[in-house]
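Read through the structure below, which is laid out as structure tokens, and then see the notes.
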């Protein structure tokens, strides 16, 4: 189906299912339970999962396949966001023109930056991309304030032209009248599920982005990119010019980043300069490595992992901790709270740092490898058990590695 | 003219810090082939050695002063440092005042120990892993280190003062025949510059003139061959990691009076020090030092009002601009060797 | 199925729809809510969104302490703090409108994106009715915009830029903290008295929006009293080493250096300027001086001895002697063993003011609350008689001019109050050009319905 | 007129004359060996042929066109493939993929965005690659990770990667260097088989006399950067100049 092998089709269908069911899957705890703190099924976080998933999928096309480690992809994220907000300001709140333009403009940026940076390889390439992104960030934060609104972030004002705004047009981002921030809520018992328009918009785009990446992985082009990673000398002596291949990969990943940046602004009509800072570039690198560079699903898992930590752990404060352990005797409760305290709330960075180290030490292939190990364990147990059925019947998000 | 002289002085000082950090980073790149994202954190921990020393010397007992009250209306508890009561206010106070230079004594064992622990406990297992994994693990380590510091010292900058002897500034202008007050330079910054020169000189002569250094240099050039000679290069590389950590730490200790230490100062220096190392050329120690001073001085020039009025914002991007120009004209930076970190 | 713009969780907590055992999904009806996150149970949730990581983490921590204290006082625990001195008596220590106050916390990271993400999760996931806190203007403006779109009230924390209640003012946003214009208006007369009218000022300004508005304000006030502005140099945020910006100061013939910096930048630029011996110099026959227009206790602590004798301004200080301040300092000091900072104070007061406005309006509807806050006159909150101006949602009150203390006795009294500038002196027209002129509007109140 | 014509090529590295006035003509469908002691300039000459080095003077013509100034991938596209001293293969890819890539390179040229086709659907190319693997007896290893193979298999794979491009000239840089005797013999057999089955021109740079004399149609002896003699193997064997410059040195 869709030009994919049976295995890939099944994989894609699983991804589609998981993506569409996210509002339910991420809401495992009833609202009334104290574990509801760990629920992640609210629109903003789900949108972030999808958007940063797209960002990481695109980054992986460059880094995972060619091995070129860019430290400047946040620049394209920022360019995408600024483009979309400018389109709001000039045309109106329909997200479509902005998103299309975001992809085009980030592609142009990527073409220029890639053309220059790809003259070098290894760490020299990384530093060149870093330098371009940091220059963009520093200028956007200060000197370019008239275009970017600097520290405050670019936003829409009532006196902006918005020439396509009609009388009844929504006053927040929408797609032909479907307002992004509107949600439909379903309550089932103690569970509340929020199906947000913006999330499903991002989800559909993320699925398309994933499908394209799957096709690229399986294409001759993808094979060439992997060939570049493993041996450029042989590549050249096989009559292939590696520069245009890497440049194409760079531009494609830049377009993914621009799209992700555009979607950030499509969900929330504000574009801040911090999106271009090196820490943002570093974040996508970490997402990709953490999940498993060069695998299809890894970067998405990595993105989800980091965004989850950032949004969930940072909100756990002492009050919440006391709530959880209230059933214990006072002394023990205080002790346990004091022990957990440094790792949550203002200490969420610590948790993230420790998790980075644990994953990379024990799972050299990233989270995907962890998934594979679990799956293998699962299969072995299955086989040992009496009623041995086809283990493929339980793919359980079985991450798929492009070998 | 005097303005240019001044900016050269500023640049040398900025450059000293860049050069010291880059030197340690290059030692690790060159010998171990590891991308160490925790190097900025080592610099930060060095600076906090000065804070710890200051705190240690200021360890106090409380004396209740009934004549004064604190903000809640209770009698004020006055802090009396132990060192002052043991050695008298003059000598004890002197010790407290000299806490930053004294903390070098603390920083060397702390940093070397930390370096050993890092290399043996963590980095060692990553020699054969891809650079991406090294980045992830050292970045994680950097976060952990800075969060530990934040847990104990808070997020605010902590004032760390230089000894009174070095407070104030020296008037170079008068010496060179300019008007007074045109070229002044703080004594402490001169101390820092000299200190940096001594450390850099020390590291170079260590590598140049000792057998140990020669083996390490040979190892940097060709690790396998040296290994074949039956020399235990691993142990030496551990020591090199300790040395690199000590250099970063000492750079941090002495920088504390210039930049009040805070827990994330390492991250602020991290990107910059990578740019310096790469501009200098991967694996080249002289390159790292040269690039440090070069970028320091150029950054100072770019901060001049005359320059900024022609190109607004140039001081924000100059480092990156120079990095791009140098890497495009010289493929391996100023003095880089072929084949290091190019894949 | 219904469409709702933002999620409401309060409903569930009450068990109003206890469908735990139902086989079929129970679905909301739109009449369930009149506005965003309408609290229907016995509790109401506030969102405290402060920097917990990054350079302003310490300030954020102090804000959290104060906010927690405010919640205690509203719920009738502790000694009641400023509720005892507050002129409005609508709050009786039993929560708000019979509902106990709960709160959730989040980390702004001092980044607009992260702050909005955190605020969104509070609105969408936790169902808060109000968000309070923050330690920078960029974040305040970003979160204020979000609250406007979502239809809840934003009570700004520490934000000093003119824009927050100037060109970026919003109907759902309220600022108790003072602003750059007020700093200039309060500082100028003191500077004139201390340093005379014949001065040449050199500005170093943080290169971002807050820096620009502060520099503009200070320059206009100092020039009005006869000072000359020699130069204004923009410095990169987080520059660390400011030496190359400081050295040209003496050569320029200036005799006053104005540091439009905040946080770590201010600590470093001030420390380094003192190291360069600027304050020991005589220029144009006058003693060289440094001014730091915006002070905070925590940053003053970071600069250590270098702030001695340096003038600046503050929104409030714990050393004030009015009854409200004393009650708050007592209450805060008992609980945390340290006096509150002025960012803690503003967050504490904002939380109480919001609660009080709800009580007076008799509703959590943001538009009703906004109406109750607009034009509200009150006293007993440490700043003397105060007005929440309806035109731009800015509080007008006395402003403090501070000076670095020559002989601090503890780590907390490194600053001393030089003058309490009366409110009348810092007032301005709502359409003042520095505040967006006539183009700036609040827009209309949004309750999210 | 040979398919490869090298005329008056000089190359200096600083003070060292690596190649001095080299003239060489390789006739179509022959195996031409270039031998010489270490440092004779064999590798320098080869690098000048494939675009890695540019001679200071002289000309290198392939099928009537100059190769000078062209990049390695352009020269490959002209029809010259190269086997390296240590096999250069795509270690992280499977054996099959290693052979597929040169197939695509031959069909699509130096760069073509085929991001939306699927490799498995390119029937012609897959068949061609499979056929090639069968020809070199590696069909059973097609899904193996290339890097995990033995050195002999890597050499065989590299050869297959070059042959599948159907080059008009195959350059071999010491194809048996560092090999055990048995592997060397296998390689010789493989090359002989290739020579017999295909219309192909080969230029071999080799140290090992055994290899050279069992394969070559013509031999050029290089010493100190200049060609000493060029002739058929039988004549080279007993040539006094060769004895003196090459074998003599090798023995003494």
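Only one of these is surrounded by fewer than 21 Cβ atoms within 10 Å (Cβ to Cβ), facing chain A (nearest Cβ under 8 Å) and within 30 Å of residue A:58 (Cα to Cα): D:113, D:144. Name it.
Within the list D:113, D:144, the selection yields D:113.
Taking the options A:32, A:22, name whichever one is buried (at least 19 other Cβ atoms within 10 Å of the Cβ), farther than 22 Å from residue A:255 by Cα and touching a residue at least 60 places away in the same chain (Cβ under 8 Å).
A:22
Within the stretch C:358-365, can one find any residue that is more than 28 Å from residue C:443 (Cβ to Cβ), touching a residue at least 24 places away in the same chain (Cβ under 8 Å) and in a loop (DSSP other than H, G, I, E, B)?
no
Inside the stretch D:85-99, can you point out the residues that are over 11 Å from residue A:238 (Cβ atoms) and either crowded, with 23+ Cβ neighbours inside 10 Å or within 8 Å of chain A (Cβ to nearest Cβ) (or both)?
Residues satisfying the conditions are D:91, D:92, D:93, D:94, D:95, D:97.
Please work out if residue C:437 is out of contact with any helix residue (DSSP H, G or I) (no Cβ under 9 Å at 6 or more places or on another chain), farther than 18 Å from residue C:155 by Cα and surrounded by fewer than 17 Cβ atoms within 10 Å (Cβ to Cβ).
yes
Please determine, by comparing only the residues of the stretch A:357-374 that are within 19 Å of the chain's Cα centre (by Cα) and not in a helix (DSSP H, G or I), which one is surrounded by the most Cβ atoms within 10 Å (Cβ to Cβ).
A:366
Filter the helices (runs of 4 or more DSSP H) completely within the stretch A:88-177 down to those with at least 2 residues that are within 10 Å of chain B (Cβ to nearest Cβ), crowded, with 20+ Cβ neighbours inside 10 Å and touching a strand residue (DSSP E or B) at 6+ places or on another chain (Cβ under 8 Å).
Filter on the stretch A:88-177 gives an empty set.
Look through C:228, C:223 and report the one residue that is surrounded by fewer than 23 Cβ atoms within 10 Å (Cβ to Cβ), free of Cβ contacts under 8 Å to residues at least 24 places away in the same chain and more than 12 Å from every other protein chain (Cβ to nearest Cβ).
Values: C:228 fails: free of Cβ contacts under 8 Å to residues at least 24 places away in the same chain.
C:223 is the lone residue from the list that is surrounded by fewer than 23 Cβ atoms within 10 Å (Cβ to Cβ), free of Cβ contacts under 8 Å to residues at least 24 places away in the same chain and more than 12 Å from every other protein chain (Cβ to nearest Cβ).
Within the stretch B:54-68, does at least one residue satisfy the condition of being within 12 Å of chain C (Cβ to nearest Cβ) and assigned to a helix (DSSP H, G or I)?
Checking the stretch B:54-68: at least one residue is within 12 Å of chain C (Cβ to nearest Cβ) and assigned to a helix (DSSP H, G or I).
Could you list, in sequence order, all residues of the stretch C:82-117 that are away from every other protein chain (no Cβ under 14 Å) and at positive phi?
Answer for the stretch C:82-117, where residues must be away from every other protein chain (no Cβ under 14 Å) and at positive phi: C:93, C:95, C:97, C:98.
For the stretch A:262-274, state whether one or more residues are facing another protein chain (nearest Cβ under 9 Å) and surrounded by fewer than 21 Cβ atoms within 10 Å (Cβ to Cβ).
Looking through the stretch A:262-274, none of the residues is facing another protein chain (nearest Cβ under 9 Å) and surrounded by fewer than 21 Cβ atoms within 10 Å (Cβ to Cβ).
Only one of (1) closer than 16 Å to residue A:239 by Cβ; (2) at pLDDT below 90; (3) more than 7 Å from every other protein chain (Cβ to nearest Cβ) fails for residue D:62. Which number is that?
(2)
Could you check, for the stretch B:84-96, whether at least one of its residues is within 14 Å of chain C (Cβ to nearest Cβ), surrounded by 15 or more Cβ atoms within 10 Å (Cβ to Cβ) and either in contact (Cβ under 8 Å) with a residue 40 or more places away in the chain or part of a helix (DSSP H, G or I) (or both)?
Of the residues in the stretch B:84-96, the ones within 14 Å of chain C (Cβ to nearest Cβ) are B:96.
Then keep just the ones that are surrounded by 15 or more Cβ atoms within 10 Å (Cβ to Cβ); that gives B:96.
Pick out the ones that are also either in contact (Cβ under 8 Å) with a residue 40 or more places away in the chain or part of a helix (DSSP H, G or I) (or both) and you get B:96.
Within the stretch B:84-96, one or more residues are within 14 Å of chain C (Cβ to nearest Cβ), surrounded by 15 or more Cβ atoms within 10 Å (Cβ to Cβ) and either in contact (Cβ under 8 Å) with a residue 40 or more places away in the chain or part of a helix (DSSP H, G or I) (or both).
Please specify each residue of the stretch C:392-407 satisfying the condition of being touching a helix residue (DSSP H, G or I) at 6+ places or on another chain (Cβ under 9 Å) and assigned to a loop (DSSP other than H, G, I, E, B).
Selection gives C:392, C:393, C:397, C:398, C:405.
Look through C:404, C:448 and report the one residue that is within 14 Å of another protein chain (Cβ to nearest Cβ) and either at pLDDT 95 or above or more than 28 Å from residue C:293 (Cβ to Cβ) (or both).
Details: C:404 fails: either at pLDDT 95 or above or more than 28 Å from residue C:293 (Cβ to Cβ) (or both).
Selected residue: C:448, the only one of C:404, C:448 that is within 14 Å of another protein chain (Cβ to nearest Cβ) and either at pLDDT 95 or above or more than 28 Å from residue C:293 (Cβ to Cβ) (or both).
From D:69, D:39, which residue is farther than 25 Å from residue A:239 by Cα, part of a loop (DSSP other than H, G, I, E, B) and assigned by TED's automatic domain parsing to the domain that holds residue D:220?
D:39
Just one of B:189, B:217, B:129 is surrounded by 14 or more Cβ atoms within 10 Å (Cβ to Cβ) and more than 25 Å from the chain's Cα centre (by Cα); which is it? Talk me through it step by step, then tell me what you get.
Numbers: B:189 fails: more than 25 Å from the chain's Cα centre (by Cα); B:217 fails: more than 25 Å from the chain's Cα centre (by Cα).
That would be B:129, the only listed residue that is surrounded by 14 or more Cβ atoms within 10 Å (Cβ to Cβ) and more than 25 Å from the chain's Cα centre (by Cα).
Test residue A:321 against the stated conditions and say whether it is facing chain B (nearest Cβ under 10 Å), in a helix (DSSP H, G or I) and at pLDDT 85 or above.
Criteria not met by residue A:321.
Within the stretch A:325-342, work out how many residues are more than 9 Å from chain B (Cβ to nearest Cβ) and either part of a helix (DSSP H, G or I) or under 24 Å from residue C:56 (Cβ atoms) (or both).
Residues that pass the stated criteria total 12.
Within the stretch D:185-205, can one find any residue that is at positive phi, in contact with a helix residue (DSSP H, G or I) (Cβ under 9 Å, 6 or more places away or on another chain) and assigned by TED's automatic domain parsing to the domain that holds residue D:24?
Checked against the condition, which is being at positive phi, in contact with a helix residue (DSSP H, G or I) (Cβ under 9 Å, 6 or more places away or on another chain) and assigned by TED's automatic domain parsing to the domain that holds residue D:24, the stretch D:185-205 yields no hits at all.
Can you go through D:49, D:157 and tell me which one is in a helix (DSSP H, G or I), in contact (Cβ under 8 Å) with a residue 60 or more places away in the chain and touching a strand residue (DSSP E or B) at 6+ places or on another chain (Cβ under 9 Å)?
D:49
Taking the stretch C:279-310 as the region of interest, how many residues are under 16 Å from residue C:405 (Cβ atoms) and either at the interface with chain B (Cβ under 7 Å from one of its Cβ atoms) or surrounded by fewer than 20 Cβ atoms within 10 Å (Cβ to Cβ) (or both)?
Within the stretch C:279-310, residues that are under 16 Å from residue C:405 (Cβ atoms) and either at the interface with chain B (Cβ under 7 Å from one of its Cβ atoms) or surrounded by fewer than 20 Cβ atoms within 10 Å (Cβ to Cβ) (or both) number 9.
Might you check whether a residue that is within 30 Å of residue A:230 (Cα to Cα), within 13 Å of the chain's Cα centre (by Cα) and in a helix (DSSP H, G or I) occurs anywhere in the stretch D:200-216?
No, the stretch D:200-216 contains no residue that is within 30 Å of residue A:230 (Cα to Cα), within 13 Å of the chain's Cα centre (by Cα) and in a helix (DSSP H, G or I).
Restricting the search to the stretch B:138-158, which residues are buried (at least 21 other Cβ atoms within 10 Å of the Cβ) and either within 11 Å of chain C (Cβ to nearest Cβ) or part of a strand (DSSP E or B) (or both)?
The answer is B:143, B:146, B:147, B:150, B:155, B:156, B:157, B:158.
Quick check on residue B:294: is it in a helix (DSSP H, G or I) and buried (at least 23 other Cβ atoms within 10 Å of the Cβ)?
For residue B:294, the condition - in a helix (DSSP H, G or I) and buried (at least 23 other Cβ atoms within 10 Å of the Cβ) - is not met.
Which of (1) within 15 Å of the chain's Cα centre (by Cα); (2) not assigned by TED's automatic domain parsing to the domain that holds residue C:92 is the odd one out, the single condition residue C:308 does not satisfy?
Answer for residue C:308: the failing condition is (1).
Which one is surrounded by the most Cβ atoms within 10 Å (Cβ to Cβ) among residues in the stretch A:225-245 that are touching a helix residue (DSSP H, G or I) at 6+ places or on another chain (Cβ under 7 Å), within 12 Å of residue D:98 (Cα to Cα) and at the interface with chain D (Cβ under 7 Å from one of its Cβ atoms)?
A:238
The values are calculated or read from the model by the stated rules, or taken from the named source; none is laboratory data. Note that the structure is a prediction, hence the values are computed from the model and not measured. A quick note on method: Cβ atoms are made from the backbone with ideal geometry, for glycine too, and the neighbour counts reach across all protein chains shown.
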